[in-house]
Amino acid sequence: MKKVLFASTALVMTAGVASAEITLSGSANMGIKGNAFNGSIDAPTFAGETTVHNEIDIDVVGTGETDGGLTFGASVDLDASSDDSANTTGGGASDPEVFVSYNGLTLTVGDIGEAQAVGGVADVGYDGLGVDDLVDDLADGGAAGLGGSDDVRVDYAFGDIAVALSADSNSGADTGVAVSVSGTVDAFDFAVGYADRQVGGVDFTQSTVTVGYSAGAFSVGATYAQHDSTTFGKLTGYGVDVSYTTGDVTVTGVYTANDLNGNAPDQSAFGLGVAYDLGGATLSGGVASIDLGAGSETVADLGISFKF
């Protein structure tokens with residue numbers, strides 16, 4: 001987040017610590033959703049009604065640096081959301097992480113993001129209609145009930161290239177390791193991720209490749225994802241997104257499809273969205289047709305999002 005939410009407290013420390021600070025930042029949104037999709041390709045549902053939705057996400061980050069140049073820090077999220085007055089969630093602090101960093105090398109432990117969860121398909125709508133989930137869940141979610149839970153991660157950045165490695169420290173039945181490489185080369189950007197895991201006695205791999213290109217007001221991206229397990233076989237998906245920006249308005253179109261290898265009907269979706277940059281806030285909305293094998297459902301949303 002670019003701006004401080006509510007307050008920022010700077011603490012000058014001694015005993016080998018050059019400086020430290022605690023910052024609060026956040027984001028929020030509010031709007032309406034029509035026939036909202038829950039985003040699951042395994043157990044999909046649609047709301048079947050129009051709801052008023054909002055989300056609040058506040059990030060608390062503490063950072064410091066020693067006299068020797070070692071950077072350290074920790075963070076937690078304070079999240080809450082509601083769908084109409086009868087369905088409110090939010091249970092305090094979540095996503096705890098602690099890190100140390102030196103010369104571009106960072107070690108993080110906690111509720112991290114798995115390394116293979118890079119790239120991915122764009123979504124549309126102020127809160128995301130779920131068009132991307134048909135593909136992205138294969139590589140970075142729990143498709144077929146099988147996903148990662150890594151808690152140790154190492155990142156290294158050099159120039160425009162970033163490399164990441166993550167692992168599940170569990171010494172029991174659930175184990176896994178993941179790796180990714182991402183970066184930019186001229187007008188192109190790319191991201192490649194791979195994970196090898198075992199969950200509940202089932203061996204599986206997750207992989208994804210995303211390539212993007214930007215030229216002036218146009219940008220286009222393509223993603224391929226695969227989830228291969230000893231139980232469900234090879235599940236594959238692909239997606240394409242195209243955006244055009246004129247002034248403060250961006251129009252985005254997205255198409256996704258997957259092949260679930262006979263475990264469930266193949267799925268596809270198409271979405272179109274428009275976003276208007278208000279400067280510090282964005283007014284956006286989208287509409288999508290999502291076919292999960294039992295006929296197409298139309299979903300839509302319209303709302304405003306903020307960053308603090």
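Taking the stretch 119-139 as the search range and keeping residues that are buried (at least 24 other Cβ atoms within 10 Å of the Cβ) and hydrophobic (A, V, I, L, M, F, W, C), which one is nearest to residue 272 (Cα to Cα)?
Ranking the qualifying residues of the stretch 119-139, first place goes to 124.
Anything in the stretch 33-53 that is surrounded by fewer than 16 Cβ atoms within 10 Å (Cβ to Cβ) and either in a strand (DSSP E or B) or in contact with a Phe, Trp or Tyr (Cβ under 6 Å, 6 or more places away or on another chain) (or both)? List them, or say none.
Those that are surrounded by fewer than 16 Cβ atoms within 10 Å (Cβ to Cβ) and either in a strand (DSSP E or B) or in contact with a Phe, Trp or Tyr (Cβ under 6 Å, 6 or more places away or on another chain) (or both): 50, 52.
For the stretch 143-152, which residues satisfy the criterion of being under 20 Å from residue 233 (Cα atoms) and either surrounded by 17 or more Cβ atoms within 10 Å (Cβ to Cβ) or in contact with a strand residue (DSSP E or B) (Cβ under 6 Å, 6 or more places away or on another chain) (or both)?
If we filter the stretch 143-152 for residues that are under 20 Å from residue 233 (Cα atoms), which is where we start, we get 143-148.
Those that are under 20 Å from residue 233 (Cα atoms) and either surrounded by 17 or more Cβ atoms within 10 Å (Cβ to Cβ) or in contact with a strand residue (DSSP E or B) (Cβ under 6 Å, 6 or more places away or on another chain) (or both): 143, 144, 146, 147, 148.
Given the criteria without any contact (Cβ under 8 Å) to a residue 24 or more places away in the chain and under 24 Å from residue 291 (Cβ atoms), does residue 220 qualify? I'd like the intermediate steps shown before the answer.
Values: without any contact (Cβ under 8 Å) to a residue 24 or more places away in the chain: yes; under 24 Å from residue 291 (Cβ atoms): yes.
Spelling it out, residue 220 is indeed without any contact (Cβ under 8 Å) to a residue 24 or more places away in the chain and under 24 Å from residue 291 (Cβ atoms).
Out of the residues in the stretch 241-277 that are in contact (Cβ under 8 Å) with a residue 60 or more places away in the chain and β-branched (Val, Ile, Thr), state the one that is surrounded by the most Cβ atoms within 10 Å (Cβ to Cβ).
Per the stated criteria, the residue is 256.
Which one is surrounded by the most Cβ atoms within 10 Å (Cβ to Cβ), of the residues in the stretch 216-229 that are more than 16 Å from residue 244 (Cβ to Cβ) and more than 18 Å from the chain's Cα centre (by Cα)?
Step one: filter the stretch 216-229 for residues more than 16 Å from residue 244 (Cβ to Cβ), giving 222-229.
Filter once more, keeping what is more than 18 Å from the chain's Cα centre (by Cα): 228-229.
Details: 228: 16, 229: 22.
Among those residues, the one meeting the criterion is 229.
Among all residue pairs at least 6 apart or on different chains, which show Cβ distances below 6 Å where the first residue, located in the stretch 112-124, is closer than 21 Å to residue 271 by Cα and the second is acidic (Asp, Glu) and part of a loop (DSSP other than H, G, I, E, B)?
Once the first residue is closer than 21 Å to residue 271 by Cα and sits in the stretch 112-124, its partners that are acidic (Asp, Glu) and part of a loop (DSSP other than H, G, I, E, B) give 121/132; 123/132.
Counting only residues that are closer than 30 Å to residue 103 by Cα and polar (S, T, N, Q), which one in the stretch 43-88 is modelled with the lowest pLDDT?
Filtering the stretch 43-88 for residues that are closer than 30 Å to residue 103 by Cα and polar (S, T, N, Q), the one modelled with the lowest pLDDT comes out as 66.
If you check residue 213 against the conditions, is it part of a strand (DSSP E or B), touching a Leu at 6+ places or on another chain (Cβ under 8 Å), surrounded by fewer than 16 Cβ atoms within 10 Å (Cβ to Cβ) and of a type in the set (Phe, Trp, Tyr)? Don't jump to the end; show me each part of the working.
On the way: part of a strand (DSSP E or B): yes; touching a Leu at 6+ places or on another chain (Cβ under 8 Å): no; surrounded by fewer than 16 Cβ atoms within 10 Å (Cβ to Cβ): yes; of a type in the set (Phe, Trp, Tyr): yes.
When the stated conditions are applied, residue 213 does not pass them.
Return a yes/no flag: does the stretch 120-133 have any residue that is closer than 25 Å to residue 169 by Cβ, under 13 Å from the mean Cα position of the chain (by Cα) and hydrophobic (A, V, I, L, M, F, W, C).
If we filter the stretch 120-133 for residues that are closer than 25 Å to residue 169 by Cβ, which is where we start, we get none.
Among the residues of the stretch 120-133, not one is closer than 25 Å to residue 169 by Cβ, under 13 Å from the mean Cα position of the chain (by Cα) and hydrophobic (A, V, I, L, M, F, W, C), which makes the answer no.
Residues in the stretch 283-301: is at least one surrounded by fewer than 16 Cβ atoms within 10 Å (Cβ to Cβ), over 18 Å from residue 49 (Cα atoms), at pLDDT 95 or above and within 21 Å of the chain's Cα centre (by Cα)?
no
Given the residues 190, 204, which is the only one that is of a type in the set (A, V, I, L, M, F, W, C), surrounded by 16 or more Cβ atoms within 10 Å (Cβ to Cβ) and within 19 Å of the chain's Cα centre (by Cα)?
Answer to the selection: 190.
So residue 188 fits all but one of (1) at pLDDT below 95; (2) within 30 Å of residue 286 (Cβ to Cβ); what number is the exception?
For residue 188, the failing item is (1).
This table checks each residue for (1) surrounded by fewer than 19 Cβ atoms within 10 Å (Cβ to Cβ); (2) at pLDDT 95 or above; (3) of a type in the set (A, V, I, L, M).
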| site | (1), (2), (3) |
| --- | --- |
| 98 | yes, yes, yes |
| 102 | yes, yes, no |
| 107 | yes, yes, yes |
| 114 | no, no, no |
| 141 | no, no, no |
| 154 | yes, yes, yes |
| 164 | no, yes, yes |
| 168 | no, no, no |
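For the stretch 138-183, which residues satisfy the criterion of being among the aliphatic types (A, V, I, L, M), assigned to a helix (DSSP H, G or I) and either within 17 Å of the chain's Cα centre (by Cα) or over 24 Å from residue 39 (Cβ atoms) (or both)?
Those that are among the aliphatic types (A, V, I, L, M), assigned to a helix (DSSP H, G or I) and either within 17 Å of the chain's Cα centre (by Cα) or over 24 Å from residue 39 (Cβ atoms) (or both): 138, 139, 143.
Out of the residues in the stretch 231-254 that are on the phi < 0 side of the Ramachandran plot and outside any strand (DSSP E or B), which is modelled with the highest pLDDT?
248
The values are calculated or read from the model by the stated rules, or taken from the named source; none is laboratory data. This is a predicted model, so every value here is computed, not measured. Backbone-built Cβ (ideal geometry, glycine too); neighbour counts: all protein chains shown.
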